[in-house]
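Asker: My questions all concern the structure below.
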Amino acid sequence: ATAEYNVYRLAGDAIGLMGALGYQKCLLVGHDWGAWLTWQLALMHPDTFVAMCAMSVPYAGRGKGSLLAPLRKMHGDPLGPEAREKATFYYMLHHHLPEAAASYEANLKEAL
């Protein structure tokens, strides 16, 4: 479920991947959405992620609310009461649609 994809789960995934590869520390490089995640992971686990490079997204501090809340306000909520009829496409919101994973899997080359 998309509700499980939060910064804490993603941090756990990154640390799990490091462990599987035999690393205890690493540096992070992130671009766009990955840059935002890079900032968060470095703040949450500074002893694990010891250096970072965030490309295209400057540090904006920890928001008071969800990263997606202002995006939903700007573009509309594709899962909200007015749903997709009124919402404009924005990739970060699209990732949260129930059918997004199946769509990406079905069109993997195009999605990449």
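The values are calculated or read from the model by the stated rules, or taken from the named source; none is laboratory data. Treat the numbers as computed from the prediction; the structure is a model and nothing was measured. Backbone-built Cβ (ideal geometry, glycine too); neighbour counts: all protein chains shown. Areas reflect the complete protein model, heavy atoms only, side chains present, ligands, DNA and RNA absent. Shrake-Rupley method; radii C 1.70, N 1.55, O 1.52, S 1.80 Å.
Asker: Looking only at the stretch 55-70, count how many residues are modelled with pLDDT of 85 or more and aliphatic (A, V, I, L, M).
Answerer: Number satisfying all stated conditions: 1.
Asker: Further, regarding this structure: For residues that are assigned to a loop (DSSP other than H, G, I, E, B) and either in contact with a Cys (Cβ under 9 Å, 6 or more places away or on another chain) or open to solvent by 100 Å² or more (accessible area, probe 1.4 Å) (or both), tally how many sit in the stretch 10-26.
Answerer: So the answer is 3.
Asker: So, one more: Within the stretch 80-112, can you find the residues that are more than 19 Å from Ala69 (Cβ to Cβ), open to solvent by 100 Å² or more (accessible area, probe 1.4 Å), part of a loop (DSSP other than H, G, I, E, B) and not aliphatic (A, V, I, L, M)?
Answerer: Pro98, the sole residue that qualifies.
Asker: If you don't mind, another one. With the requirement that a residue be free of Cβ contacts under 8 Å to residues at least 40 places away in the same chain, closer than 25 Å to Tyr91 by Cβ and open to solvent by 60 Å² or more (accessible area, probe 1.4 Å), what does the stretch 33-52 give you?
Answerer: Selection gives Trp36, Trp39, Leu43, Met52.
Asker: Is it the case that the stretch 41-54 has a residue that's under 28 Å from Lys86 (Cα atoms), of a type in the set (Ser, Thr, Tyr) and outside any strand (DSSP E or B)?
Answerer: No, the conditions are met nowhere in the stretch 41-54.
Asker: Still on this model: Picking from Val29, Val7, which residue would you name as being open to solvent by less than 50 Å² (accessible area, probe 1.4 Å) and of a type in the set (A, V, I, L, M)?
Answerer: That would be Val7, the only listed residue that is open to solvent by less than 50 Å² (accessible area, probe 1.4 Å) and of a type in the set (A, V, I, L, M).
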